[in-house]
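**Q** Here you go, one structure.
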Amino acid sequence: MWIVRFGATKSGMDCMWRNFFTLISRRDAKKLHDLSKLLTASLCLLLYRALCRLVYALMKLLFLPVAFLATIVSADVAMAKDPVAPFENSPNPDTPYAQIDSFVFGKLSQLGIQPANICSDSVFVRRVFLDVIGTLPTAAEVAGFISDIQPNKRALLIDSLLNRPEFADYWGMKWADLLRIKAEFPVNLWPDAAQGYDHWIRDSIRQNIPYSQFARDLLTANGSNFCAPQVNFYRAAGSKDPKAIAHAVAQTFMGERTAAWPKDKLDAMAAFFSQIGFKPTGEWKEEIVYYNGFDDSKAVVGKATLPDGAPVTLTPGKDPRVIFTDWLILSKNSPFTTNAVNRIWYWLMGRGIIQEPDDIRPDNPPSDPQLLAWLARELVSSNYDVKHICRLILNSRAYQLSCIPATRDPKAAACFAYHPLRRMEAEVLIDALDQITGSTEEYSSMVPEPFTWMPPDERAMCIPDGSITSSFLDLFGRPPRDTGLLSERSEHPTSGQRLHLLNSSHIQLKLTKSDKLKFLFQSNPLPRDAIRQLYLTILSRYPTDDELVALRAYNQTAEAKGWQVWYDLAWALFNTSEFSYRH
């Protein structure tokens, strides 16, 4: 058995080293766990580069396919400047420079940092599918894009993906994390409300309503948690206390954490949310959220202070939330637009211009203030069109850079000199496995009454409620949606995740019972054609010549014969970091 692993970081080398020895000893499965623990403990930073070269040499001797490994190892020894196939184009494509690039490459030039090469078509098509719609491209989509000779094919693909229905599903999942859509503890929205809230968010994204209107609808909402789903923003704040609500508003729409604020600033902002009323109805678990300013005991009138220090006057009968929302969206001193474009940049580029995106504060400055300000102006001038900002970023050379750095400068990552490696989200990963094998998953929540079960063909990306989950989603870092922080989602690999992909019956059954893979092998009787189709399906690229040679050698010497050879190949590709990581 053979396997390809990334090795760009120490953690990546940990993965490669353990998996290499695991595969060597695969015939003795009892040693799998002990070996991985032993080798992880033995790895240290002082031996990092020596181990890179040693593993690479051993893999070559054993005829392992090392396309991506060779790329990273060669980059570690001497940072490559020439395009590296199949992950970079040679020569670089004629991708036009966008306005974003004048900021990014101007900054890199000032700092003397060399940017990476432009990524290849196969890398681009996979990356943009995952970033825009959270879905792997099919083999036909990859092959069609690679063979397309139109010079503007990347721009055309971006436009088509932004208009696909999966865009709303994937970005709706991102917003469901931020807005803490969860039926049970500690948010306690209740299933009907959670599902209605989730559907409202996805419909808003599908209709591409302006981001300013999206925020206004949430912040000024009144009505039933079942019939006016946007009022669940206040019910998901974790508490009905005005300070807790102010914290949720600041974190979601200003990107600021109120724990770092002075007490008087938080108290002043809480005043705008002190007249929200909550009352039950005769319907079980239904609750009405409303402006309660006509109750003299709760009415707040007179002077109030906005987060930028500007004074305003609250008058009887006027909802203070409207006054606050007008300031939030319209004021030049509000971080509303800055936070919005910084979060979009983070979602597409893997790192915010302000990092972390939900920790905006004076002592955490942007890496490129001019770029951030320009994007904010573009959002306003486009009438808060989120897709417009996505399109600007996706069409830039900055987005289309390779993940293979051209420099070891420690400032390169913060200045976007190359595309960062990011593991697929838990939902996207299991959906990809199901898409490739034609299998399904079971998702449920055993807490509420009645128990909640999702249809077997439901994609994980479309689950409307954070309480509905599976053991796979929990293992691979799906956020619990308790805080609404982006850092709640864990994308760092663990030993349990690697062992699950390597040795679990869950993954093995998906492979061995896959009618979809059987059809792929049967419809491509020539081994070379079957291999090409499998690579296109799983890695979104064609195999290299070295990989074809390695597989031919494995087929001639391994004990596995017939269908088992193809299952071994699929299993090995599933266990590559090239599959599970965005690159």
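The values are calculated or read from the model by the stated rules, or taken from the named source; none is laboratory data. Keep in mind that this is a model prediction, so the values were computed, not measured. All Cβ positions, even for glycine, are placed from backbone atoms using ideal geometry, and neighbour counts span all protein chains on display.
**Q** Would you say residue 215 is under 19 Å from residue 458 (Cα atoms) and crowded, with 20+ Cβ neighbours inside 10 Å?
**A** Details: under 19 Å from residue 458 (Cα atoms): no; crowded, with 20+ Cβ neighbours inside 10 Å: yes.
No, not satisfied.
**Q** Report yes if some residue within the range 335-350 is touching a strand residue (DSSP E or B) at 6+ places or on another chain (Cβ under 9 Å), within 24 Å of residue 106 (Cβ to Cβ) and in contact (Cβ under 8 Å) with a residue 24 or more places away in the chain; otherwise report no. Quick ask: steps written out before the conclusion?
**A** Within the range 335-350, the first condition is being touching a strand residue (DSSP E or B) at 6+ places or on another chain (Cβ under 9 Å), and the residues that meet it are 350.
If we keep only those that are within 24 Å of residue 106 (Cβ to Cβ) as well, we get 350.
Cutting the leftovers down to in contact (Cβ under 8 Å) with a residue 24 or more places away in the chain gives us 350.
Taking every residue of the range 335-350 in turn, at least one turns out to be touching a strand residue (DSSP E or B) at 6+ places or on another chain (Cβ under 9 Å), within 24 Å of residue 106 (Cβ to Cβ) and in contact (Cβ under 8 Å) with a residue 24 or more places away in the chain.
**Q** Looking for something out of contact with any Asp or Glu (no Cβ under 6 Å at 6 or more places or on another chain), not aromatic (Phe, Trp, Tyr) and not in a loop (DSSP other than H, G, I, E, B) - is there at least one such residue anywhere in the range 352-367?
**A** So far as the range 352-367 goes, no, none of its residues is out of contact with any Asp or Glu (no Cβ under 6 Å at 6 or more places or on another chain), not aromatic (Phe, Trp, Tyr) and not in a loop (DSSP other than H, G, I, E, B).
**Q** Can you give me the number of residues within the range 323-342 that are β-branched (Val, Ile, Thr) and surrounded by 21 or more Cβ atoms within 10 Å (Cβ to Cβ)?
**A** Qualifying residue count for the region: 4.
**Q** Inspect the range 415-437 for any residue being polar (S, T, N, Q), surrounded by 19 or more Cβ atoms within 10 Å (Cβ to Cβ) and modelled with pLDDT of 95 or more and give the result as yes or no.
**A** yes
**Q** Right, another one. Does at least one position in the range 463-472 carry a residue that is farther than 28 Å from residue 164 by Cβ, without any contact (Cβ under 8 Å) to a residue 12 or more places away in the chain and of a type in the set (Ser, Thr, Tyr)?
**A** So far as the range 463-472 goes, yes, one or more of its residues are farther than 28 Å from residue 164 by Cβ, without any contact (Cβ under 8 Å) to a residue 12 or more places away in the chain and of a type in the set (Ser, Thr, Tyr).
**Q** Follow-up. Restricting attention to the range 183-219, report how many residues are under 20 Å from residue 247 (Cβ atoms) and modelled with pLDDT under 95.
**A** Looking only at that region, the number is 5.
**Q** Right, another one. I'm trying to understand the selection: among the residues of the range 330-382, which are farther than 19 Å from residue 174 by Cα, of a type in the set (Lys, Arg) and either modelled with pLDDT of 95 or more or in contact with a Lys or Arg (Cβ under 8 Å, 6 or more places away or on another chain) (or both)?
**A** 361, 377 - these are the residues of the range 330-382 that are farther than 19 Å from residue 174 by Cα, of a type in the set (Lys, Arg) and either modelled with pLDDT of 95 or more or in contact with a Lys or Arg (Cβ under 8 Å, 6 or more places away or on another chain) (or both).
**Q** Only one residue in 404, 430 is of a type in the set (A, V, I, L, M), in contact (Cβ under 8 Å) with a residue 24 or more places away in the chain and not in a loop (DSSP other than H, G, I, E, B). Which one?
**A** 430
**Q** So which residues in the range 527-555 are in contact with an Asp or Glu (Cβ under 9 Å, 6 or more places away or on another chain), among the hydroxyl-bearing types (Ser, Thr, Tyr) and either under 17 Å from residue 138 (Cβ atoms) or surrounded by fewer than 19 Cβ atoms within 10 Å (Cβ to Cβ) (or both), if there are any at all?
**A** Scanning the range 527-555 gives 535, 540.
**Q** Looking at the range 202-214, which of its residues are among the hydrophobic types (A, V, I, L, M, F, W, C) and assigned to a helix (DSSP H, G or I)?
**A** Scanning the range 202-214 gives 205, 214.
**Q** Then there's this: Tell me, which helices (runs of 4 or more DSSP H) wholly within the range 90-201 include 1 or more residues that are hydrophobic (A, V, I, L, M, F, W, C) and either in contact with a Ser or Thr (Cβ under 8 Å, 6 or more places away or on another chain) or closer than 30 Å to residue 452 by Cα (or both)?
**A** Helices (runs of 4 or more DSSP H) meeting the threshold: 99-111, 121-133, 139-147, 165-178.
**Q** Only one residue in 363, 359, 319, 368 is of a type in the set (D, E, K, R) and free of Cβ contacts under 8 Å to residues at least 60 places away in the same chain. Which one?
**A** 363
**Q** Let me ask something else. Go through the range 368-400 and count every residue that is assigned to a loop (DSSP other than H, G, I, E, B) and of a type outside the set (S, T, N, Q). It would help to see each step written out before you state the result.
**A** Step one: of the range 368-400, the residues assigned to a loop (DSSP other than H, G, I, E, B) are 368, 382-385, 395-400.
Checking which are of a type outside the set (S, T, N, Q) leaves us with 368, 384-385, 397-399.
So the answer is 6.
**Q** Turning to a different aspect of this structure: Can you name every residue in the range 281-295 that is over 22 Å from residue 313 (Cβ atoms) and part of a loop (DSSP other than H, G, I, E, B)? Give the derivation first.
**A** Step one: list which residues in the range 281-295 are over 22 Å from residue 313 (Cβ atoms), which gives 281-290.
Within the range 281-295, 281, 282, 283, 284, 285, 286 meet the criteria.
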